[in-house]
1. In square nanometres and to one decimal, what's the mean projected area of the convex hull around the Cα atoms of the range 67-156?
2. Projected onto the charge dipole of the range 116-263 (+1 at Lys/Arg Cβ, -1 at Asp/Glu Cβ, origin at the Cα centre), which of LEU190, VAL140, GLY165 gives the Cα projection farthest towards the positive end?
3. Please grab the % of Cα pairs in the range 105-212 that end up more than 25 Å from each other.
4. Given 10 Å bins starting at zero, what is the percent of C-alpha pairs of the chain in each, up to the one with the largest pair distance?
5. Which pairs in the list LYS324/LYS453; LYS324/LYS391; LYS351/LYS371 are over 23 Å apart, alpha-carbon to alpha-carbon?
6. From largest accessible area down, sort LYS351, LYS145; use a 1.4 Å probe on the protein chains.
7. Calculate how steeply helix 215-224 sits against the longest principal axis of the alpha-carbon atoms of the chain, using the helix alpha-carbon long axis, and give the answer as 0 to 90 degrees to the nearest 10.
8. Per the 1.4 Å probe, what fraction of the accessible area of the range 115-216, in percent, lies on carbon and sulfur atoms?
Amino acid sequence: MRRWFVAASALALLLACRRNSPSDGDLLTLAIDVTPSNLDPRLGSDESSRRLQQLLFNGLLRYDDRGEPTGDLAESWENPDPLRYVFHLRTGVRFHNGHPLTSDDVRYTMESVLRDEVPSFRKGDLAVIESVETPDPLTVIFKLKEPFSPFLANLSLGILPRGAGPNAGEEPVGTGPFRFVRLRRDQDLLLKSFDGYFRGAPACKNLRLKVVPEAVSRQQELLKGSVDLVVNDLSPDQVQTLRGSSDLQILTGPSNSSAYLGFNLEDPILKDVRVRQAVAYALDREKIIQVLLHGLARPSTGLLPPDNWAYTPDVRTYPYDVAKARQLLDASGHRDPDGDGPRPRFGLTYKTSTNELAREQASVFQDQLKKVGIDLEIRSFEWGTFYDDIKAGRFQIFSLQWTQLLDPDVFRMRFGSLYLPPAGFNRVRYINPEVDRLLTEGARSSSLEERKKVYARIQQILSEDLPYVNLWHKSNFAVMRKRVQGFTLTSSADFYVLEKVTLR
């Protein structure tokens with residue numbers, strides 16, 4: 001009798017779990033590589049957190065593929081003078097808990113960052129705010145301390161309800177197309193469509209984000225149908241292999257990311273611009289893109305992709321030219337000690353992560369630099385150790401990628417002399433007073449045409465000084481089961497597009 005009771009209880013529990021779990025017919029499963037670090041939009045700065053936050057929250061603005069602002073929670077806005085921005089909120093927007101969105105929620109979100117309710121990485125972005133005023137429930141007025149044209153670029157921050165508190169990421173409540181159900185760390189996240197979403201409830205009723213750390217496993221789960229969609233989290237080799245599957249569809253498109261080779265400009269060898277230029281000429285980027293990346297990238301001439309409104313093609317470029325590289329190395333005093341013999345001119349250390357593609361890329365760099373007499377020693381580390389070394393300046397050469405290159409003010413944090421780590425991302429220790437002056441001028445100018453001229457000049461100077469070798473802009477890609485309909489790729493590989501997805 002006891003056995004029958006236990007069995008019946010187990011069956012009842014199983015049926016209850018099934019009733020509370022979405023069926024395959026209305027469940028979209030995405031594979032992601034890691035659990036988001038934090039679902040609070042003020043805190044999680046990693047790519048996985050950014051994507052999840054887009055499903056749960058809305059900011060005042062979004063950005064299109066050219067890096068220009070469009071309204072999100074803001075229906076319209078004005079800039080009546082250089083120190084004032086007035087935003088008018090959409091009517092009828094509600095949070096997942098049913099409360100209406102008001103200007104007071106916007107004010108709370110911004111002030112919670114500025115007043116250190118949480119230790120937010122967004123504080124520096126918002127530090128230019130003098131005050132936030134809310135004259136009525138649908139109007140927000142920002143007063144700035146000084147003119148700052150990139151201000152709009154910082155208003156994609158997800159808006160929280162007033163009083164959300166420092167633990168808002170544990171049970172996140174936003175206005176986004178999906179609402180939070182559960183998080184099982186290192187396993188999955190479950191979201192449900194928000195019926196009260198102001199753009200209309202998503203057609204896909206249940207969304208599961210499954211944490212699959214290994215790229216090989218993500219590929220296998222796509223093939224067997226336990227995962228419906230993977231965005232960017234596969235290697236180019238895997239994408240090429242999956243093109244042969246009749247059950248899958250693949251989308252590709254341009255990205256606003258930029259891969260680069262960074263130099264330690266305080267290094268005795270690399271502080272000579274001729275050495276850096278020689279390295280640039282020695283790298284056959286076109287071949288790497290075609291062979292290693294299977295064409296899923298386009299060569300770059302600078303940090304900004306060609307689609308960005310501030311991009312200029314009028315810069316110095318470095319096509320593959322072994323003879324030119326050797327001439328520059330000779331001129332820098334690093335002559336080849338034995339002609340075509342085995343002895344190098346000098347050696348450099350290249351740091352990278354243990355990621356398979358990163359290590360393959362390092363080996364190609366090593367082979368190509370050897371042809372001009374540079375011995376490249378490769379050292380690979382677990383991601384945390386590698387990234388700590390880069391931030392601390394413990395490197396000669398490394399390679400990484402920037403994403404979310406929208407407003408050209410991105411140059412300030414990466415090349416301004418006031419933004420060496422930990423104050424910013426000037427990891428290569430680049431210092432140029434003229435660039436500093438232009439960065440300030442670009443941030444203060446209210447004219448789009450004037451800003452474009454200023455940032456064009458910055459790009460030209462950087463192409464001569466070469467603190468980076470700009471490598472390529474990787475393509476975004478999505479691999480999905482054919483049951484997935486209506487998915488589109490943006491230049492930032494955004495997840496908010498899932499609000500338009502249907503399942504066949």
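The values are calculated or read from the model by the stated rules, or taken from the named source; none is laboratory data. All figures in this text were calculated on a predicted structure; none of them were measured in a lab. We place every Cβ from the backbone using ideal geometry, glycine too, and count neighbours over all the protein chains shown. Remember, those area values only see protein heavy atoms, side chains included, never the ligands or the DNA or RNA. Shrake-Rupley method; radii C 1.70, N 1.55, O 1.52, S 1.80 Å.
1. Values: hull surface 25.0 nm².
Computing the convex hull of the Cα atoms and averaging its projections yields 6.2 nm².
2. LEU190
3. It works out to 35 percent of all Cα pairs.
4. So the P(r) values, bin by bin, are 4, 17, 26, 25, 17, 7, 3, 1, 0, 0.
5. Beyond 23 Å: LYS324/LYS453; LYS324/LYS391.
6. Accessible-area ranking of LYS351, LYS145, largest first: LYS145, LYS351.
7. With rounding to tens, the tilt is 50 degrees.
8. 47 percent
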